[in-house]
Structures are given as C-alpha cells and as structure tokens.
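S.K.: Sending over a structure as structure tokens; questions will come in a sec.
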Amino acid sequence: GVYYTPTFIVDTIVENTIGKLVSGKLGIGMTPKEVTKLRIVDPACGSGTFLLGAYQYLLDWHLNWYLNNDFEKWSKGKNAVLVQSNPARFKSAGGARGRDGWKLSVEKKKEILLNNIYGVDIDPQAVEVTKLSLLLKVIEDPGQLSYLDERILPDLGKNIQCGNSLIGLDYWDGKMREMISEEERARVNAFDWKAAFPEVFAQGAHSTDSGQGFDVVVGNPPYIRIHNLIDYYPDEVRFIQSHYLTASFGKVDIFVAFVEKGMQILKKTGMLGFILPNKFMQSDYGVGLRTLISEKQALTQLIDFGNAQVFNGATTYTCLLFLSNSPQKEFQSKFNKTFESPERFLQEAVFETRKSLSFSSAPWQMASSIETTLLEKLETAPARLSDMVELAITGVKTGANSIFIFEIIQLDKDIAKLRREDTDDIVEIETKYLVRYLKAESLKRYRVGSGSRVLLYPYESVNDQTRLVSEDQIKNYPKTWQYLNKFKHDLESRQKGKLKGASWYGLSFSSSLQMFSVQKIITPTLSPRNSFSLDVDSFFFPQGAGGGCGLVPKENISAYYLLGLLNSRLLTFFFQRISSPFQGGWYAYEPRYLTRIPIHPINLSNPAEKAQHDKMVSLVERMLALQKSLQSAHNPQEADRLTREVESTDKAIDNLVYELYGLTEEEIGIVEGK
C-alpha cells in the first residue's frame, strides 16, 4: 500500500540535504545562480510528496534571498523576479511570502521547477499526479490564475518521468527482441537514467569539480520483501539480485537496492536522504547495505526512531539515513530509546558524533557513546550463546491452525475430546500424534504455564531426523485419519497448493521432534524484556509473533546457569541494543539475535569459578521454586512475601552476573539507568 510521508519527515530530509548544500561550508551560502545548477531527484516519487517539499524549500529560499540581497534590484525593472500581490489575499493562499506581500514571479517559479526538480516512478498515474501537484504550486496564488494559459504552465515531461528506477535497458540483453511483447515491455518499463536526463549526466555540465549526476537524492523508497515479488516477477527479481550488491543477500527488502541506485546517480559531492526501515542495521539481509555504506564511509547522519511509529495506519520501524558520495570521517547519530513521539524526538534529542570506522558490515549497534563502550566490552566475551547450545528451535507453522490446534476438553490415555481452535467444533481423535502446545502468553520469565492446548503433529523421529509419518501409519488410528480427510481440500490449498501430494496432511513448517522433546530454555518471540524459562515437559510452540524460540544447551552446559545469565539485567541491556525494536517497547527474540549474546564461560576445574557457577545454579533453582509457589499463593500476604523474595533473588543474580562479566560501578550504573 501507499502511505504518505508526514510533512515533518519531508522537511527534516529536505533541510538536511538541500538545506546543507545551499547553506554552503562555514555558513557561506550559495547565490541563486549557483542554486540554479542543483539537480534534485526522487527515484520513487509516488504522488510527489518529497518533490513538493523540495520545491517549496527552494521557493522559500529564493524569496528570502531576493528580499535580503539588493531588494530594489530584484523588485523593479527587467531584473524583477519579485512581484507584489494583495497581502491579505496572498496570506490566505499559504504561499511563500515576504515583507509587504512580495512573492516570486510565475516565471521565476517555473525556472526553479524546471532547473531543479526531477522524479521517476514506475506508476504512470503517480507521475501524472506529481506533475499536476507541482504545476499547481506554480500558480497557487489566486492572483496568478488570470495568467493561466498554455504559455504559463511548463512542460514537465522531461523532469518527471515514468520508468523502473532499478532496471535498465540491459535487462533485455540476451533476450530475443522479437519474442518480447509490448505488454511485457510496458510492465517491466526499463529505464535508462543517462538517456532520460542527459543534462544531468553530461560530464561537468553543472559543476567544474564534482562530475556528473544529481546533487541530491531524496525520498521514501518502497518497502517490499523480495520473496513477496518472486512469484509474480521472477525475472525482474533475479535481475535486481544480480545487479545490486545490496540485494544479493537472502530475503532482502527492495529498499536496499534503491539506496544503492541513489548512490550511483549522485555526484561525487552529492547527498542522499531517505526514510526507510531500520531493520537493515541488524538483519542478515542488511549486510550488503551496511557493507556499501561502511566501505564508502558515506554516513553523515543516522536518526533511528526505534519503535516509535512515523506512518499513520502502518506499523513500520524506520530511520532517516543521510549519505554523502564523498568519504566522511565521522557522522551524527541519535537513537529513540525512550519511545517518545517521532516529531518530539526529532526536535529534542541531541546528536552524538561518531567515527565512521565504528560501523562496518557487521550489525550496527545504535547506542550512546558511553553505552557503546560497555557493549564493546561485552562483545569481547570469549563465547556466544551459539557456542553453548545445540540448536535454536523456531517453532512450528501449521498453515491451518483451526485444523491442527485444539483446546483440551478431556484427555484420556488413548482418546482425546477436543475443541478445534477458534471454533465450536468438538472432535474425538486418538492421542498418538498429539503433543502439548503453548503460545507466547504461557511463556513467562522463569515460568512456563501449564497450557490447555494440544497440537496434531503427525511426525516421527527416525535416526534423529523428523519426518512425516506415512498414510498407512496414520490409518492405524482411524479417528485421526478420518478427521484429516475431512479437511483434505483445505489442507491441500495451503501455500497456493504447494502441499498437494503425499505431504498434504503435514504442517506448513515442522521442526525437530527430538529437540522439542528434551529439556530446553524457551522464550517468547516478542517480549519487552528478557523472559527466558525452563521447559521440562516437552512443549511445542508456534513460529512468529505469538510463538517462541527454544534453546537446547550442549552437553555439560547447565541450563540453570544459562537461564540466570539470560534473564539478568546486564544481558537484557545488551540484547535490547542488538535486536529489532517493536511498537510498545517490545523486542524480537529470534535466533539471529539470540545466538550473538555474549556468555561468560566457566572453567569447572577452577574452584573459584566453580563456586560462582554453583551459586548461580542455586539462585536460579531458588527462583524457579519461588515462581511456582507464587502462582499457588493462598492469600495476598503470602504473595507479597514471595514477591519480595523473588525481587531479592533477582537482585542477587544480577550482582553475580556483574561480577562474572567484570563490570565497574560506573558500568553497572549505565545498565541500571542511573
């Protein structure tokens, strides 16, 4: 869907790109003659929000310059670019205005538009809307409507063009031209930037020292995962993945290629300003974009909104990315860790200066400089959680919850009476392929709920491998087989029919039966804090936001020791600075983040270290027992006493973790927000 970028975001991006260029170095600004040479483009302009913002900024800048630099010269005679209108009427029109109602002439506004503003979009209707919006800005003063004829409105056909910004004419190389239909050509809409804007890419045409290309690239590129496009546009996706370094990593989002294209079409002294998802800073697919930016040392500003929402009606986690095509030794950054409104954050948060070399292709940690020092210290730990666990289990995905998941009504040894999830349908099936099943709400810190659900899981473990049981095996359990056949059509329709055939009764995504069946540490996939618990009852859980993730400790690694570390305040502090934030202060507890957690290893042959290890195990065992007692407290007084004991034990675990990781009093203060 299309979501309009709020004005305060557009203004911030325009001011930090165009504004910085026209202000010049050391505050010495450009003249209108120099500004005339600036070329500004939005490569995915949509309805023109950013181009209108850029145009309005230039109109205001020009008007202010002419009013304050030899006003008499510019308001009279053949050099006049200022005209006077009825001040009251002009004020009501909301246009750029100066003292005594002076404004830019229509001719000057046309000149600025044609010289400075460019845009591309693949949607022809969006292109026409952008043109119309810009033309209306030319004549927005009611007093100018009397001049409206064919000579007044400029032709924007060369400035605002329709095409695929990411796909060039080389897309057709190797294809038989006579076999390409007009319909396919129109759909792909390959675009040649240099042919479309020859005056922009003419070497030295607009600058004696910065070469060819645009001076400013701004916009809000589309956010679409590649795997959502592959079924419909496989050739285009393959082209983008093979032609853009940033798009060649996993299930990448298309916006990364727009950043790379933006850098390609910039001058050497050019500036780029985009609003885009902040996921690239931590995600695996973001490695290409992080590599591009860090190798070029291109960052000038990075403003991360955290989980504060910028777009009305869309849950997206965004940042403002400002890049330069010339290497930068340092950049300005700020991170919204208090989850205040984006507008207030932009106005009030203070920038920190950071060295460009502090960011690389590795995941970026958005934190203050003092926090960064502590995070770097934690990163030096000799082990990661990935060294301590056999497997991170991401849960199962049924593709049809109301068929595979049940509420327990009665559970006997051989037969279960169940209610299908989200229905009133009561069924009876054998218990052979039923497993206990929990959702995220049952996964608490140091506690696992008993749960009232089961999952139909027709799988078996063979040589430590999980495989779907055969139809012949299921037929030995006639109630189960009859039940599944009742929904055969629905089950075959999952994933656009990909499950048709022998696996029609399997889950969309199964997981290791063996690993689910052993003792494991589990966490909800989304949580506001580290909330790990110990599962000793072989529970299954779903994938995704309502599910969980399981960690199976390696042999000779104590689950109790790991549990204490993982739930500590220190590792919560660490995790919240490497994970993806979500609305309301929640974080993603997924293997790609979990495996990076630094773990302090214990040498059990060292008496002092063994004593620390045993103390942690004892504290965690005490915590688990307290949590269990708290759930069955008989009265408020007992609950209050147990709660105080839980808090005291929690504090003891935190202090032991600070000791294990060698934190100073100052560093402990940072973790605890003092």
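The values are calculated or read from the model by the stated rules, or taken from the named source; none is laboratory data. Quick caveat: nothing in here was measured; it's all calculated off a predicted structure. Glycine also receives a Cβ, built like all others from the backbone with ideal geometry; neighbour counts cover every protein chain displayed. The accessibility values were calculated without ligands, DNA or RNA, using every heavy atom of the protein model including side chains. Shrake-Rupley method; radii C 1.70, N 1.55, O 1.52, S 1.80 Å.
S.K.: Using the structure shown, select from 108/158; 279/651; 377/610 the pairs with a Cα to Cα distance greater than 25 angstrom.
M.R.: 279/651
S.K.: Still on this structure: Would you kindly state how much longer the chain becomes between residue 7 and residue 181 on full extension, computed as 0.36 nm times their sequence separation minus their alpha carbon distance, in nm to one decimal?
M.R.: 58.5 nm
S.K.: For residue 391 and residue 347, compute 0.36 nm times the residue count separating them, minus their Cα-Cα distance, and round to one decimal in nm.
M.R.: Here the segment from residue 391 to residue 347 would lengthen by 11.4 nm.
S.K.: Can you give the FRET efficiency to the nearest 0.05 for residue 376 and residue 441, using r as the Cβ-Cβ distance and R₀ = 41 Å?
M.R.: 0.70
S.K.: What FRET efficiency do you get for residue 291 and residue 192 if R0 is 22 Å and r is their Cβ-Cβ distance, rounded to the nearest 0.05?
M.R.: 0.25
S.K.: Quickly estimate the mean residue ellipticity at 222 nm for the chain, helices only: each DSSP H run with n ≥ 4 gives -39500 (n - 2.57), and the total goes over all residues, rounded to 500.
M.R.: -10000 deg cm²/dmol
S.K.: Further, regarding this structure: Check which residues have an amide H placed less than 5 Å from residue 45's amide H, if you skip close sequence neighbours.
M.R.: HN-HN under 5 Å from residue 45: 120, 121.
S.K.: Report, in listed order, any pair from 33/131; 397/496; 479/500 with a Cα-Cα distance greater than 19 Å.
M.R.: Pairs exceeding the cut-off: 33/131; 479/500.
S.K.: ³J(HN,Hα) across segment 489-502 via Karplus (A = 6.51, B = -1.76, C = 1.60, θ = phi - 60°), whole Hz, x for Gly/Pro?
M.R.: My calculation for segment 489-502 gives 4, 5, 5, 6, 7, 4, 6, 6, x, 5, 8, 4, x, 5 Hz in order.
S.K.: When Rg is the radius of gyration of the Cα atoms in segment 533-674 and Rh is its Kirkwood radius, what does Rg/Rh come to?
M.R.: Result: Rg/Rh = 0.97.
S.K.: Something else: Convert each backbone phi in segment 127-137 into a coupling constant with the Karplus relation 6.51 cos²θ - 1.76 cosθ + 1.60 (shift: θ = phi - 60°), then list the ³J(HN,Hα) values in order as whole Hz, x for Gly and Pro.
M.R.: Ordered by residue, 3J(HN,Hα) equals 4, 5, 5, 4, 4, 4, 4, 5, 5, 5, 5 Hz.
S.K.: Place the peptides 416-428, 464-476, 4-16 in order of packing, highest mean first, counting for every residue the other Cβ atoms within 10 Å and averaging per peptide.
M.R.: My ranking of the peptides, most packed first, is 4-16, 416-428, 464-476.
S.K.: Treat each spin label as a single point 7 Å out from the Cα along the C-beta direction, and report the residue 79 to residue 315 distance in nm.
M.R.: 6.0 nm
S.K.: Could you give the distance between the Cα centres of segment 362-435 and segment 447-504, to the whole Å?
M.R.: 18 Å
S.K.: Pop the C-beta distance of residue 554 and residue 23 into the FRET formula with R0 = 56 Å and round what comes out to the nearest 0.05.
M.R.: Efficiency at R0 = 56 Å is approximately 0.45.
S.K.: For Cα Rg over 2.2 N^0.38 Å, several values are listed as (i) 1.18; (ii) 1.00; (iii) 0.94; flag the one computed from this structure.
M.R.: Among (i) 1.18; (ii) 1.00; (iii) 0.94, the one calculated here is (i).
S.K.: With a 1.4 Å probe and all protein chains in place, put 30, 616, 271, 179 in order of accessible area, largest first.
M.R.: Accessible-area ranking of 30, 616, 271, 179, largest first: 179, 30, 271, 616.
S.K.: What per residue convex hull volume, in Å³, comes out for segment 342-478 when only alpha-carbon positions are used?
M.R.: Per residue, the Cα convex hull of segment 342-478 comes to 249 Å³.
S.K.: Still on this model: Could you tally the net charge around residue 507, taking each other residue with its Cβ under 13 Å from the Cβ of residue 507, Lys/Arg +1 and Asp/Glu -1?
M.R.: Taking every Cβ under 13 Å from that of residue 507, the sum is +4.
S.K.: List the residues, sorted by chain then number, that are 5 or more residues from residue 520 or on another chain and whose placed amide H is less than 5 Å from its amide H.
M.R.: When sequence neighbours closer than 5 places are left aside, the close amide H contacts are 535.
S.K.: Can I ask one more? Around residue 191, which amide H atoms from residues at least 5 apart in sequence, or from another chain, sit under 5 Å from its own amide H, with H modelled in the peptide plane?
M.R.: So residue 191 has HN proximity to 164, 167, 168, 169.
S.K.: In what sequence, highest mean first, do 41-52, 393-404 appear when ranked by Cβ atoms within 10 angstrom?
M.R.: The peptides rank, most packed first, as 41-52, 393-404.
S.K.: State the extension gain, in nm to one decimal, for the chain segment bounded by residue 155 and residue 604, taking 0.36 nm per residue of separation less the distance between their alpha-carbons.
M.R.: 153.8 nm
S.K.: In nm, to one decimal, how far is the residue 611 label point from the residue 633 one, both placed 7 Å along Cα→Cβ?
M.R.: 3.4 nm
S.K.: Restricting to the chain, compute how many DSSP beta bridges are antiparallel as a %, nearest 5.
M.R.: In the chain, DSSP labels about 75 percent of beta bridges as antiparallel.
S.K.: Further, regarding this structure: Can you tally the net charge around residue 195? Count Lys and Arg as +1, Asp and Glu as -1, for every other residue whose Cβ sits under 13 Å from the Cβ of residue 195.
M.R.: Value of the local net charge: -1.
S.K.: Net charge around residue 70, counting only other residues with Cβ within less than 14 Å of its Cβ (Lys, Arg = +1; Asp, Glu = -1)?
M.R.: +2
S.K.: Determine, for each peptide in 433-442, 605-614, 217-226, the mean count of other beta carbons within 10 angstrom over its residues, then list the peptides with the highest first.
M.R.: My ranking of the peptides, most packed first, is 217-226, 433-442, 605-614.
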